[in-house]
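One structure is given here, and the rest of the page talks about it.
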């Protein structure tokens, strides 16, 4: 990516990197909370994705992937790390590691996915959004789960959920 890692950056470059990081994090939140509006807002209208079995328009992908996630999994958790961003004026290339946990319906199995997102983002009218995403698989595994959410140690915690049932929405609305 950038041959000058560790070089101090100016305020605009820092702002651009933060805006890109926000888009990438919002994409993960949208998948995990099944938030179609948020997911679509992360992509330009003409954006494309390559998710292996689906290659095509990102807006259409958003409409297909959320019902598929809801049908197969009780919850998902997409965590990004080691994101490297190369700025090229109004375009950016980003590589992010993604570790995604998928709790299968019935909470008896979990599918863990380790891979990377190779993203091209564009800045238009001062806003960064995804223009292309390619998903790369590094590994995946499935294993049995002993669901401890109802156990003594965790039974009093708020529960993650899809859509508006997730505590996130009450949290965000309470501060408005």
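Readers should treat all values here as calculations from the given coordinates under stated rules, not as data from a laboratory. What you see is a predicted model, and the numbers here were worked out from it, not measured in a lab. Reconstructed Cβ throughout: ideal geometry from the backbone, glycine too, with neighbour counts over all protein chains shown.
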Point-to-point label distance, residue 170-residue 89, nm (Cα→Cβ direction, 7 Å offset): 5.0 nm
C-alpha center-to-center spacing [segment 10-30, segment 83-145] in angstrom: 14 Å
Relative packing of peptides 45-58, 133-146 - highest average C-beta neighbours within 10 Å first: 45-58, 133-146
Cα-based helix-to-principal-axis angle, 11-33 vs the chain, degrees rounded to 10: 30 degrees
Fewest-first sequence of 42, 79 by Cβ atoms within 10 Å of each Cβ: 79, 42
Rel. contact order, % - alpha carbon contacts under 8 angstrom, at least six apart, the chain: 20 percent
Max mean-square fluctuation residue, GNM over the chain, Cα-Cα springs under 10 Å, options 155, 96, 41: 155
Additional length obtainable on full extension of the chain from residue 148 to residue 108, 0.36 nm per residue less Cα span: 13.3 nm
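In which sequence would 111, 18 go, from the one with the fewest C-beta neighbours within 10 Å to the one with the most?
On the way: 111 16, 18 11.
By the 10 Å Cβ count, ascending: 18, 111.
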Computed label-point distance, nm, for sites residue 41 and residue 15 using a 7 Å Cα→Cβ extension: 2.0 nm
